[in-house]
Each structure stands twice: as structure tokens, then as C-alpha cells.
Amino acid sequence: MGALDECHYNEELENGVNIGGCVELGFEREPETIAIEKAVRVLLQGLGEDINREGIRKTPFRVAKALREGTRGYKQKVKDIVGGALFPEAGLESKVGYAGGAGGLVIVRDLDLFSYCESCLLPFQVKCHVGYVPSGQRVLGLSKLSRVAEVFAKRLQDPHRLANEICAALHHGIKPTGVAVVLQCSHIHFPDFDFNPNHDNSVKTLVKSGMGVFDDEKADIWTDFLSLLRFRGINFEKDCHLRKSVEKSWCPSLTLTKIGVPDCAMLSSVATILCSLGENPLRKELLETPNRFLKWLLNFKKSNLDLKLNGFVRLKKEECLISNGNEELLCSEVNLPFWSQCEHHLLPFHGVVHIGYYGSSKVNPVGKSLLQSIVHFYGFKLQVQERLTRQIAETVSSFLGGDVMVVVEASHTCMISRGIEKFGSSTATIAELGRFSMDPTARAIFLQIVPNFSPIAD
């Protein structure tokens, strides 16, 4: 394919799909996509951003695509998945017991799902375990259990309703003797914009739902099911206290106060997004969602904090330059937590920062609070991790000298929920200045100091 043909081909992909001379309406031309893009532009302008800036020029489309992909369950039907996927399987013959398609328990564990929280519009992670008891010598293709669960996960959700909807759909769709669903859910915390984010990075809850023979929570079949889950480190009884403690405040946004003076245009834009996803903004559970989402988003609004930070840095620089000694030591500050917002998808990413530098033994070590303030300052913006790493390194080097190394490790919601879709994945970026850029031994020594990073999702 020549260059001109390739350009023409790419243009067709952007503007529509050409199949046999018939051009179908492209995703970006659909009314829902256009409405979400317009709403996102209003939100970006409300944050003080230049919507024509190169880094965020395509953000409205990326956000629209991510949201519509993440809520595609509204347009899917369980019967289209289950239909044709029930297979005959004989049970035990002339023996006492249950197996095969007549009463034998079937469990699919560790299904990774991602859903959008209906209270704040942020994604939350789900580890789903499904069990059912076949009846009528019929079994369901195992992959269909995952697909049915995803239909309901790809909607605005609450953990309890998600478990109940998956359970009810399977019970009515395959008509088994019983169905059970257990969900382990994890929701990102809401940090405070006071340079003191909560170090406990997520709220976790464990919920279950059962129908048929699983209606009775004390039934022996539940004991069998939960015993098999214990092989995966799940202890429902142990987690019961945790589950009850967060039932009323599962989403951290429910404990927040309303924003002072809400921006009517921004609130209206969030309501438009809800409508475009197929939801009703007037549904009881969604009435305060625009306000809660803005509470999160406005953490990353451009402000005049540059002046405050610059003054603080200049003061510390003068203190650090007062030194008569020549001996230098490799100093470090590790596990500095941060929160940020991906400027490409308006989804959170968060993790830890490790900073290494050389300092005089006769100079008091740089205070951790200063380094943490720098990390927070650059974190509370629309960001990309590579830029965040560079900005922290350049700022630290401005008052500690040119020998600085920064490692940033983060868990990205955008990568996990719509990228590789795997729990526990993380991204690391490195900035090396001065001696660290030329001395592999110095880099190796510092990297040995850096602890193993445990992703927030774990």
C-alpha cells in the first residue's frame, strides 16, 4: 500500500468505515460521542486549561471513547450471550451424589472486571467469582459467565446492585438450581488538596448474592462455594466486618461536603455525559453525582500555587547552599505518595515517588515535607507520568544541585480499565540528572534503595 493510499485509508478509518462502498457512521460522528466531547471541553475550560493545547486537544474524544466503552453494557442483552451456549451434559447415573449437568457445583473464579461508580463516575475494580448448580443436564459455556458479568459491570454501578444483577441475570438466563456471586471491589480514595493525601489508597468491600439453593446463606452449598474461594485467599467471615463498615459509605465521595459554589456550566456538562451514556441524571442515586465528580476534578484545577511553591523552594535553596564541607553522601527519600489525573482520559493515576540526590554531610538533610510538597504540587494537575517525573527532578535539582535521580511508580486507571485490563499492573518512569546520568554505579546504588512497589489495586 503506497503512502497516498495509506493516508486515504487512515482518513477513512477516522471518518467512517468503508465496507463495499457503503460508509457507516463513524464512532466520532455519533450524537452521543459529540455531546460528551462538548461537555468535556466545558470541563477542561472550567479547570483553566487551554483546550487547544497539544496534550489535551484530543482529550474530549478520548474521554468520550473511554466512557462509552466503559458503559457499553447498557446496549447489551444477556439473552444474546447465553442463547446457543447451553450444552447437554449428563449427570451421575445409578450413584448417590451430584456431578456433571445434574447438581454438581461449577465455579469460575478471579474474573477481572471494571465498572464506573455511579456516585462519582470514577472507575472501580472488581474481582468476580461466580458459582452455579446446573439443572436439567444443561451447562453453560464457561466463558459466558464472564461475558454476562461484564454486561452489568460495563454500566454505572454500585457493588451490591452489581452482584444482584449478575446473579439474577444468570438465574433467569440459564435456569439453574442456584447461582451465587461474590465480588471483591476496590475504589480509589479521594485525596484532600492540602498536600496530605490519605496513605490508605483504596476503599475495599466484599459482597455476595445468591438465588435458588443459594437463597439461604446458611445452606451447605454456600459452605462448599466459599471453601473453594478460600483457595484464593478469600475469607468471607473475616471480611464481614470490613463489608459492613463500608456498606453505607462505599464510595469515598459520599463522605465529602459539596463544593462551595458549583459551576452551573460544569454541572450541566456532567449531567449531559450521564444522559449520553444512557442514564437518567434524575435517578435518585445519580442526583448528586455531578457535584461529587466535580469535587474530585477540581482538585486538579490550575491555580496560583506556583508562587507559593517557588518562594518555599528559594528559601530552602539558600539554606542548602550554606555549606563549607566537600564530602557528599547519597541521600534518598522514598515512598512519597502522589495523586494525579491523566490529561488524556481524565482518569486518575496514583503511586509513589522516590528521590535520590547527593548532599554535603555538614548540611542538614532536606526535609521530607518539602519534597512531599513538590510531589503533590506537580501531581495535582492534569498530567502525564513522564512529565511529572521530569518536573519533580528539575525542581529538586534547582536547590539541591544537579545530581538528582527520580523514580515514579504508578497505577493508571486508564491503562488498567481500558488498556491491558490486568490487576496489579504498574508503570515506572525515571529521570536522571547530573552524576546519575553518567555514573551507572550511582544509579545502581540508588535503585537498590528503592523498595518494591505494591500497586494500589492490590
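Working carefully through the options VAL353, VAL313, find the one that is open to solvent by less than 30 Å² (accessible area, probe 1.4 Å), modelled with pLDDT under 65 and closer than 18 Å to GLN391 by Cα. Criteria check complete, one pass: VAL313. Pairs linking a residue in the range 207-225 that is on the phi > 0 side of the Ramachandran plot to a residue that is in a strand (DSSP E or B) and open to solvent by less than 50 Å² (accessible area, probe 1.4 Å), with Cβ atoms under 7 Å and 6 or more positions apart or on different chains, are GLY212/GLY178; GLY212/VAL179. Within the span defined as the range 229-245, one or more residues are outside any strand (DSSP E or B), surrounded by fewer than 19 Cβ atoms within 10 Å (Cβ to Cβ), at pLDDT below 80 and hydroxyl-bearing (Ser, Thr, Tyr).
Only one of these is at pLDDT 90 or above and either aromatic (Phe, Trp, Tyr) or part of a helix (DSSP H, G or I) (or both): ILE56, ILE51, ILE36. Name it.
On the way: ILE56 fails: either aromatic (Phe, Trp, Tyr) or part of a helix (DSSP H, G or I) (or both); ILE51 fails: either aromatic (Phe, Trp, Tyr) or part of a helix (DSSP H, G or I) (or both).
Every option except ILE36 fails the conditions.
Restricted to the range 394-458, the set of helices (runs of 4 or more DSSP H) holding at least 2 residues that are at pLDDT below 85 comprises 413-418.
Yes or no, residue by residue, for (1) of a type in the set (Ser, Thr, Tyr); (2) in contact with an Asp or Glu (Cβ under 6 Å, 6 or more places away or on another chain); (3) open to solvent by 30 Å² or more (accessible area, probe 1.4 Å); (4) without any contact (Cβ under 8 Å) to a residue 24 or more places away in the chain:
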{"site": "GLY26", "(1), (2), (3), (4)": "no, no, no, yes"}
{"site": "LEU47", "(1), (2), (3), (4)": "no, no, no, no"}
{"site": "PRO60", "(1), (2), (3), (4)": "no, yes, no, no"}
{"site": "GLU69", "(1), (2), (3), (4)": "no, no, yes, no"}
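Within the range 110-148, the residues that satisfy the criterion of being within 25 Å of LEU86 (Cβ to Cβ), open to solvent by 10 Å² or more (accessible area, probe 1.4 Å), part of a loop (DSSP other than H, G, I, E, B) and of a type outside the set (S, T, N, Q) are GLY136, GLY141.
From ASN164, ASN198, which residue is closer than 29 Å to VAL270 by Cβ and either part of a strand (DSSP E or B) or modelled with pLDDT of 95 or more (or both)?
Numbers: ASN198 fails: either part of a strand (DSSP E or B) or modelled with pLDDT of 95 or more (or both).
Testing whether each residue is closer than 29 Å to VAL270 by Cβ and either part of a strand (DSSP E or B) or modelled with pLDDT of 95 or more (or both) leaves just ASN164.
So ASP215 passes all but one of these: (1) open to solvent by less than 60 Å² (accessible area, probe 1.4 Å); (2) closer than 17 Å to VAL130 by Cα; (3) in a loop (DSSP other than H, G, I, E, B); (4) at pLDDT 85 or above. Which condition number does it fail? Evaluating ASP215 over (1) open to solvent by less than 60 Å² (accessible area, probe 1.4 Å); (2) closer than 17 Å to VAL130 by Cα; (3) in a loop (DSSP other than H, G, I, E, B); (4) at pLDDT 85 or above leaves (1) as the failure.
Every condition in (1) open to solvent by less than 20 Å² (accessible area, probe 1.4 Å); (2) at pLDDT below 90; (3) outside any helix (DSSP H, G or I) is met by PHE338 except one, and the failing one is (2). Of the residues making up the range 149-177, those that are under 24 Å from SER276 (Cβ atoms) and open to solvent by 30 Å² or more (accessible area, probe 1.4 Å) are GLU150, ARG155, ASP158, ARG161, GLU165.
Applying the selection to the range 341-350, what residues are in contact with a Ser or Thr (Cβ under 8 Å, 6 or more places away or on another chain) and either assigned to a strand (DSSP E or B) or of a type in the set (S, T, N, Q) (or both)? Can you show your working first?
Residues of the range 341-350 in contact with a Ser or Thr (Cβ under 8 Å, 6 or more places away or on another chain): 342-350.
Result: CYS342, PRO348, PHE349, HIS350.
The values are calculated or read from the model by the stated rules, or taken from the named source; none is laboratory data. Everything numeric in this text was worked out from a predicted model, so none of it was measured. No Cβ is skipped: glycine too gets one built from the backbone with ideal geometry, and neighbour counts run over all protein chains shown. Each accessible area value is taken on the protein alone, full model and side chains, heavy atoms only, with ligands, DNA and RNA left out. Shrake-Rupley method; radii C 1.70, N 1.55, O 1.52, S 1.80 Å.
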